[in-house]
Amino acid sequence: MTLKVGVIGSGRAGIIHAKSYLSHVEGAKLVGMSDPDKEVRAKVSAELGVPVYETHGELLGQGIDAVAVVTPTGFHHDIVLEAAAAGVHIFCEKPMGMTVAECEDMIAATDAVGVKLQIGFMRRFDAGHRRAKELLDQGAIGDVVSVMALTHGPSIPHPWMYDLKISGGPLAEVSSHDVDIVRWFTGSDVVAIHAFAGNYRCGDAREQFPDFYDSFVLNARFASGAMGQINGAQGVRYGYDSRLEIHGTNGRIDVGSLAGNRVVVHGSDGTSTRDIVPSWRNLYHDAYIEEARAFVKAIRDDTETEVTGRDGLEAVRIVTVGNAAIATGEIQHLN
Ligand SMILES: NC(=O)c1ccc[n+]([C@@H]2O[C@H](COP(=O)([O-])OP(=O)(O)OC[C@H]3O[C@@H](n4cnc5c(N)ncnc54)[C@H](O)[C@@H]3O)[C@@H](O)[C@H]2O)c1
């Protein structure tokens, strides 16, 4: 039986998930989407050829088996609870929720009715990250000493992302991927965090959202004794830069580069130019498809999802404590 999938939220990321189910995931098909914005509904419906309902309630009423929740983060909690009550399997974009308590609710709600819950950390499905994890697990570089993760995005944030009450800031919106990946590679949870941040590039946000920061550096200590460093930024303009260094007791593994697998042109004027990765959409194109396939496989095989609600919750915990470290300038200890 083909699984009927819906997508709630038809913005940048919603369209990516919709396209995965439209043509790349065997055993599943996209049957509809939802979005409260009329113009978005008209545009996306015309582009993808599926109905785009005004409310997610209408979409949940269409007899769907699974749903991807891809709205601004502040809405994830309530929609996931409604979707669980409707008995559908749930893929929820990162960050899972705004608070740890919200994530606990979401896990309890999905557990209570026995539906799957997968969180949108698609880097775990990226070929380079998977290969690095496999090598680490084989002991290729000994024990993990530190993980350095950097993500710098080119675009100026959408206006809702300026409001830390709706978005959790760049630490949540951009770098919760790094938070999750550093947890995955250290195999351990964070026990202490220190961070600095500032708004260097988004001048239009300064007056209305004085708490908003577009760049930060965060240092973390893990229960295993390993150390983590996350460097995040939005609005850098030059391209999408996502890379990672894993330092071990016996070597180092690097993942990613700003150049990706793009070409270098050496010109007769004596200069070289290199194409760089323009967007996360390009860099992680295949990873989004693989995460959708893994979600459908977990539903079909009735197994645990590869990125669980607990993974989503732990990332939200680190983001929340990280934002407290930014606000206070003090080291924060986690129990
Ligand atoms: N995994 C990734 O790499 C990745 C990338 C981008 C965004 N995201 C996440 O996806 C989510 C959406 O981000 P985006 O960049 O697509 O935002 P966006 O602003 O481009 O789109 C959000 C859409 O949701 C709609 N919306 C608002 N309330 C809604 C509701 N109640 N029901 C249905 N739709 C609603 C808006 O009208 C808008 O069209 C965020 O949680 C974000 O963090 C993840």
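Under unit Cβ charges (Lys, Arg +1; Asp, Glu -1), what dipole magnitude, rounded to 20 debye, does segment 37-83 have relative to its Cα centre?
Rounded to the nearest 20 debye, it is 120 debye.
Free of any GluC sites (Glu not before Pro) that DSSP assigns to a loop and that have at most 16 other C-beta atoms within 10 Å, the longest stretch within the chain is 55-206.
Given an 8 Å cut-off on Cα distances and at least 6 residues of separation, report the relative contact order of segment 1-118 as a percent.
24 percent
Within the listed set 225, 32, 203, the residue fluctuating most in the Gaussian network model of the chain (springs between alpha-carbon atoms under 10 angstrom) is 203.
Here segment 1-112 is assigned +1 on the Cβ of each Lys and Arg and -1 on the Cβ of each Asp and Glu. Its dipole about the Cα centre then comes out at about 480 debye. For the chain, the 222 nm mean residue ellipticity estimated from helices alone, with every DSSP H stretch of n ≥ 4 adding -39500 (n - 2.57) and the total spread over all residues, rounds to -11000 deg cm²/dmol.
Computed from point charges on the beta carbon alone (+1 for Lys and Arg, -1 for Asp and Glu), the dipole magnitude for the chain about its Cα centre is near 700 Debye. Compute the separation of the alpha-carbon centres of segment 97-152 and segment 270-335 and state it in Å as a whole number. Spelled out, the Cα-based centre of one part sits 7 Å from the other. Counting only DSSP beta bridges whose two residues both lie in the chain, roughly 55 percent are antiparallel. Within the listed set 271, 303, 99, the Gaussian network model of the chain (springs between alpha-carbon atoms below 10 Å) gives the highest mean-square fluctuation for 271. Suppose a student asked you for the relative contact order of segment 169-254, using Cα pairs under 8 Å spaced at least 6 residues apart; what percent would you report? Relative contact order, segment 169-254: 29 percent. Say the dipole of the chain comes from +1 at the beta carbon of Lys and Arg and -1 at that of Asp and Glu; which of 282, 318, 226 then lies farthest toward its positive end? Checked the options; the winner is 282. Derived scalar couplings between HN and Hα for segment 248-253 equal x, 5, 9, x, 9, 10 Hz in order, rounded to whole Hz, by the Karplus curve 6.51 cos²θ - 1.76 cosθ + 1.60 (θ = phi - 60°), x for Gly and Pro. Counting lysine pairs in the chain that sit 8 or more residues apart in sequence, or on different chains, and whose Cα atoms lie under 19 Å apart gives 13. GNM on the chain, C-alpha springs below 10 Å: top fluctuator among 113, 307, 25? Maximum fluctuation in the GNM of the chain, among the listed residues, is at 113.
Which whole-angstrom value gives the distance between the alpha carbon centres of segment 29-73 and segment 198-261? Each part's Cα centre sits 33 Å from the other's. Counting Lys and Arg as +1 and Asp and Glu as -1 over every other residue whose Cβ lies under 11 Å from the Cβ of residue 334, the net charge comes to 0.
In degrees from 0 to 90, rounded to the nearest 10, what is the angle of the helix 12-23 Cα long axis to the longest principal axis of the chain? In the chain, helix 12-23 runs at an angle near 60 degrees to the longest axis. Coupling constants for segment 198-207 follow from the phi torsions by the Karplus curve (6.51 cos²θ - 1.76 cosθ + 1.60, θ = phi - 60°), and in residue order they are x, 9, 9, 10, 10, x, 5, 8, 4, 6 Hz; glycine and proline get x.
Shape of segment 90-234 from its Cα gyration tensor (a ≥ b ≥ c, root eigenvalues): rounded if a/c is under 1.5, otherwise prolate when a/b > b/c, or oblate? List each step's numbers first, then the result.
Numbers: a/c = 1.88, a/b = 1.22, b/c = 1.54.
Taking the square roots of the gyration eigenvalues as a ≥ b ≥ c, segment 90-234 is oblate.
Converting phi to 3J(HN,Hα) with the Karplus coefficients 6.51, -1.76 and 1.60 and the offset θ = phi - 60°, segment 260-274 yields x, 10, 7, 8, 10, 10, 9, x, 5, 7, x, 10, 10, 10, 10 Hz in sequence order, with x at every glycine or proline. Note on residue 55 and residue 191: the extension gain reaches 44.9 nm, defined as 0.36 nm multiplied by sequence separation minus the Cα-Cα distance. Measuring nothing but how far apart in sequence close Cα pairs (under 8 Å, 6+ apart) lie, relative to its length, the chain scores a relative contact order of 20 percent.
Laboratory data are not the source of any read-out in this text; all were calculated from the coordinates shown. Predicted, not measured: the structure shown is a model, and the values here were computed from it. For neighbour counting, all protein chains shown are included, and Cβ atoms are generated from backbone atoms with ideal geometry for every residue, glycine included.
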